[in-house]
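Heads up, the thing below is written out as structure tokens.
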Amino acid sequence: MFCLKMPPQAAGTFYYLLKRRIIKVVKKPIFIIAIIVLIAVLSGYFYFFRNKEKELNFFVVKKGDVLEEVSVTGRVEPFKSVDLAFEKSGRVVSVFTNVGNYVSAGDVLVKQDNSELSAQLEKAEADLETQKANLKKSEIVLNNYYLAIPDILNDAYIKADDAVRNQAGSMFTDAESDTPKVNFSSTNSQAVTDSQNSRLVSRAELSAWRQELAELNSASSNENLFTALAKSKARLSAISSFLTNLSDALEKATGLSQSTLDSYKASITTGRTNVNTVATNISDQKQDVDSQKATIASEGAAVKSYQAGVSNIESQISKTILYSPINGVITKQDAKIGEIAAANAVLLSIISAQYEIEANIPEVDIAGIKIGNTANITLDAYGSDENFAAKVFAIDPAEKIIEGVATYKTTLRFVKSDGRVKSGMTANIDILKNEKSGVLIVPQRLVSSRDGEKFVNIIDNGSTKEVKIITGLRGSDGNIEVVEGLKEGDYVSY
């Protein structure tokens, strides 16, 4: 082997120069910077991969919230929208609104000329009032007829009682007993028997009649008064029969002086005349009541007819005026004063100030969504940082095929009105189908399936082993609920 030998003095000089060269290099700034960068890179490498290894190796089972959501896209639509047009053509005389104006339900928006109809209405209303006045007069007349009934009945009772007890009373013995007897003989024995029997009946009729009249007063209903009128007529008929029977017996009377017979006959004639008079009064009053009732019925029908005429003209006038049926904003207004508005031509359009969202949800996601589910909404116009709360309001039961997929139209309504929301905006919708709080969760990707069962690998005493678990709600964020098989703090490996 070849070997170079140096004198001791030369070797010392060489090492001295080499040392100075190294020191100069080390002292250069670029070298120092390179060393610092190298140290930083190595430190970052070890720190990052050490933590990464820890993160990737296992997941610590913990309690959390699981949210099952459906994310779809929809469009903002007005809660209500209406188009307004006149039923008949006519000249526009007034316009009360413009595009962009807010209107309330019932506001007058546009009017057609209705002067001719207004004149017809004025006349019809006057005719109606006249007919109502006639009806009122007739009702007053009928009421007076009813008010007169108690006096008529009292007079009838007095006359009937006088005929039985006074005019015919002298012809009986024991007249007020249960076995009244005529005090004269007659060859018409049947008339005598009938007179005695009908005298007993007359006494009962008068007693019942007196009780009925005692119960009548100014507060009695018209129906009760009319009923009393009819009953009194029947009672007078019974008393009239009694007087007729007694008159027949007198015609065949024997054993009476002529003066007595004449006196008896005169009394019977007076009694019968009085009874017939009050009976006629009762019949006339009943007929007056019946006739006036018919008059009132006829006039009442006339009032209804006139009222129908007024209502018909009012209806025609209302058709010359466009009213707002809802609270909302005018989006179209084509009416111009002086122009003829054609029948059924849309002049105004209104959308409600409230908005809803319509979305078509695929059949794979519709299960579990029900009316009342809450939803978070973001609008493209305002970005993902602006959130709006909504709730599911309606779900169409019939499917709608979109690109070969069955979907179901779902309507959501905003919880609060917001002036920033406009019709036609695109809405990003997250509908909350289900949620659970404070349950054990693991990432879904760590769960494997085999033969219909779920498994995870856990770290136990430094080694991994497979355990069977039972899962619950599957969250939209990638986590899944663990119902059984794990406990909080377990390490799930992957």
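The values are calculated or read from the model by the stated rules, or taken from the named source; none is laboratory data. Not measured: the values here are computed from a predicted model. Ideal geometry is used to build each Cβ from the backbone, glycine not excepted, and the neighbour counts take in all protein chains shown.
Would the range 477-485 turn up any residue that is more than 28 Å from residue 360 (Cα to Cα), among the hydrophobic types (A, V, I, L, M, F, W, C) and assigned to a strand (DSSP E or B)?
For the range 477-485, residues more than 28 Å from residue 360 (Cα to Cα), among the hydrophobic types (A, V, I, L, M, F, W, C) and assigned to a strand (DSSP E or B): present.
For residue 216, indicate whether it is buried (at least 19 other Cβ atoms within 10 Å of the Cβ), within 20 Å of residue 143 (Cβ to Cβ) and either out of contact with any Ser or Thr (no Cβ under 6 Å at 6 or more places or on another chain) or not assigned by TED's automatic domain parsing to the domain that holds residue 273 (or both).
no
Taking the range 91-126 only, how many residues are closer than 11 Å to residue 333 by Cβ and of a type in the set (Val, Ile, Thr)?
Total meeting the criteria: 5.
Exactly one of these conditions fails for residue 335: (1) touching an Asp or Glu at 6+ places or on another chain (Cβ under 9 Å); (2) not β-branched (Val, Ile, Thr); (3) not assigned by TED's automatic domain parsing to the domain that holds residue 230. Give me its number.
For residue 335, the exception is condition (1).
Go through the range 320-343 and count every residue that is in contact with a strand residue (DSSP E or B) (Cβ under 9 Å, 6 or more places away or on another chain) and part of a loop (DSSP other than H, G, I, E, B).
Count: 12.
Give the residues of the range 354-369 that are loosely packed, with under 11 Cβ neighbours inside 10 Å and not small (Gly, Ala, Ser), sorted by residue number.
Scanning the range 354-369 gives a single hit, 364.
Would you point out the residue of the range 108-142, among those that are small (Gly, Ala, Ser) and under 22 Å from residue 292 (Cβ atoms), that is surrounded by the fewest Cβ atoms within 10 Å (Cβ to Cβ)?
So the residue we want is 133.
Across the range 173-193, what is the total count of residues that are farther than 17 Å from residue 252 by Cβ and surrounded by 13 or more Cβ atoms within 10 Å (Cβ to Cβ)?
Looking only at that region, the number is 2.
Between 260, 193, 227, which is under 60 Å from the mean Cα position of the chain (by Cα), of a type in the set (S, T, N, Q) and in a helix (DSSP H, G or I)?
227
Within the range 95-107, track down each residue that is surrounded by 14 or more Cβ atoms within 10 Å (Cβ to Cβ) and either out of contact with any strand residue (DSSP E or B) (no Cβ under 7 Å at 6 or more places or on another chain) or in a strand (DSSP E or B) (or both).
95, 103
Looking at the range 404-418 only, could you name the residues that are surrounded by 13 or more Cβ atoms within 10 Å (Cβ to Cβ) and over 12 Å from residue 353 (Cα atoms)?
406, 407, 408, 409, 410, 411, 412, 413, 415
Check whether at least one residue in the range 283-304 is over 60 Å from the mean Cα position of the chain (by Cα) and among the hydroxyl-bearing types (Ser, Thr, Tyr), and report yes or no.
no
Could you tell me which residue of the range 141-178 is farthest from residue 220 (Cα to Cα), considering only residues that are among the hydroxyl-bearing types (Ser, Thr, Tyr) and in contact (Cβ under 8 Å) with a residue 12 or more places away in the chain?
Only one residue tops the list, namely 170.
Of everything in the range 344-354 that's small (Gly, Ala, Ser) and not in a strand (DSSP E or B), which residue is nearest to the chain's Cα centre (by Cα)?
Checking each candidate, the answer is 353.
Just one of 228, 253 is assigned by TED's automatic domain parsing to the domain that holds residue 170 and in contact with a strand residue (DSSP E or B) (Cβ under 7 Å, 6 or more places away or on another chain); which is it?
Just one listed residue meets the conditions, 253.
Being surrounded by 11 or more Cβ atoms within 10 Å (Cβ to Cβ) and either touching a helix residue (DSSP H, G or I) at 6+ places or on another chain (Cβ under 6 Å) or more than 23 Å from residue 68 (Cα to Cα) (or both) is the filter here; which residues of the range 381-398 pass it?
Scanning the range 381-398 gives 381, 382.
I'd like the residue in the range 196-211 that is in contact (Cβ under 8 Å) with a residue 24 or more places away in the chain and within 60 Å of the chain's Cα centre (by Cα) and, out of all such residues, is nearest to residue 180 (Cα to Cα).
205
Collect the residues in the range 183-195 that are of a type outside the set (Val, Ile, Thr) and free of Cβ contacts under 8 Å to residues at least 40 places away in the same chain, keeping them in residue-number order.
Within the range 183-195, 183, 189, 190 qualify.
Tell me, which strands (runs of 3 or more DSSP E) lie completely within the range 359-468 with 1 or more residues that are basic (Lys, Arg)?
Qualifying strands (runs of 3 or more DSSP E): 383-395, 400-402, 405-414, 426-443, 448-450, 453-460.
Yes or no: the range 115-138 includes at least one residue that is in contact with a helix residue (DSSP H, G or I) (Cβ under 9 Å, 6 or more places away or on another chain), closer than 30 Å to residue 268 by Cβ and in the same structural domain as residue 286 (by TED's automatic domain parsing).
No, the range 115-138 contains no residue that is in contact with a helix residue (DSSP H, G or I) (Cβ under 9 Å, 6 or more places away or on another chain), closer than 30 Å to residue 268 by Cβ and in the same structural domain as residue 286 (by TED's automatic domain parsing).
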